[in-house]
Amino acid sequence: MNLHAIRAIYRFEMSRTFRTLGESLAAPVLTTSLYFIVFGAAIGSRMGDIDGVSYGAFIIPGLIMLSLLNESISNASFGIYMPKWSGTIYELLSAPVSFVEVVAGYVGAAVSKSLMIGVLILITARFFVPYGIEHPLWMLFFLVLTATSFSLFGFLIGLWADDFQKLQVIPLMIITPLTFLGGAFYSIEMLPPFWQTASLFNPVVYLISGMRWSFYGVSDVNVVVSAAMILCFLAACLAAVWWIFRTGWRLRS
C-alpha cells in the first residue's frame, strides 16, 4: 500500500476545500439552517409530535441525510472529474499507484468533507431545536457508511460524466427527489397503505429510517434491514469501481 500516494491525493483534495470554505462548508450549513427555520420553526410549531418526537427534532436526521448524500456525491464526482477534464488523469494512471490507492485518496477526502458538514449541521440544529441521540455509535455507523457509500457513488458519476452538466443530472434528478420522498420530513406511516408499500422501494427510506432510529429509537424500517441495505449498496459501488479500473471504461478514452 503506497501511503504517500494516498496522502498526496487526500491533501490535494482537502486543500481545495479549505480554499473555498464558503462553497464547501458554509453554503450547505446555511441551506440546512433555512430548512430548520421554515420547516422546524414556522411549520413545526403548528404540528404535533410524530412518534413522540417534536416535528423540529424529527426532521434533523432527514436533513442530515439530505446534505450528506448531496455533498458526498458532488465532492467525489467533481474531484475525479477534474483530472479527466484537464487530462492529468493519464499521469495518475501511469504512476506506480494501484486503483485502491487512487480511490482511497479521492473517496477518503470526499468522506472527510461530508462528515465535517454532517457534524456542523448537528451543531447548527442545536440552535433551533433540542434533541438527543439515543444510540450514538449507530449514528456514527450510519454517518460514516452513508458518506463512504455515496462518495463511491459520486466517484462513479465523475468517471461516467463527460461534461460538467452530467455531474448534476443524477444528484438533482434522482437523489434529491428520492430524499424528499424518503421520509425526510414525514414518517411513511402517515401515508396511505399503497404509498407506504411503494416507499419501501426507495433506498433512501432505509438510510433516513436508520439514522432516525439512532437519534430517537423510532423508525419506519427495522434498523438491521437499514444497515444491510447500505452495506449492500457499498458492496455494489466497490464492485463497480473495481470493474471500471480493471477494464479502463471511461478512463482511457
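Only the coordinates and a few stated rules stand behind these numbers; no lab work does. Small disclaimer: the values here were computed from a predicted structure and weren't measured. Backbone-built Cβ (ideal geometry, glycine too); neighbour counts: all protein chains shown.
Taken over segment 161-195, the residue count meeting the criterion of being loosely packed, with under 15 Cβ neighbours inside 10 Å and in contact with a helix residue (DSSP H, G or I) (Cβ under 6 Å, 6 or more places away or on another chain) is 0.
Among the residues examined, F78 does not qualify as in contact with a helix residue (DSSP H, G or I) (Cβ under 8 Å, 6 or more places away or on another chain) and more than 23 Å from V169 (Cα to Cα). So which residues in segment 103-120 are buried (at least 23 other Cβ atoms within 10 Å of the Cβ), more than 17 Å from L234 (Cβ to Cβ) and among the β-branched types (V, I, T), if there are any at all? Passing the criteria: only I117. A count restricted to segment 125-140 and to residues that are assigned to a helix (DSSP H, G or I) and crowded, with 18+ Cβ neighbours inside 10 Å stands at 3.
Residues of segment 82-104 that are more than 12 Å from L251 (Cβ to Cβ) and assigned to a helix (DSSP H, G or I): M82, W85, S86, E91, V100, E101, V103, A104. For segment 198-243, a residue qualifies if it is closer than 21 Å to G52 by Cα and of a type in the set (S, T, Y), and the qualifying residues are Y206, S209, S214, Y216, S219. Look at segment 227-253: where a residue is at negative phi and of a type in the set (D, E, K, R) and a partner is surrounded by 14 or more Cβ atoms within 10 Å (Cβ to Cβ) and part of a helix (DSSP H, G or I), sitting 6+ places away or on another chain with Cβ atoms under 9 Å, you get R246/F99; R252/L93.
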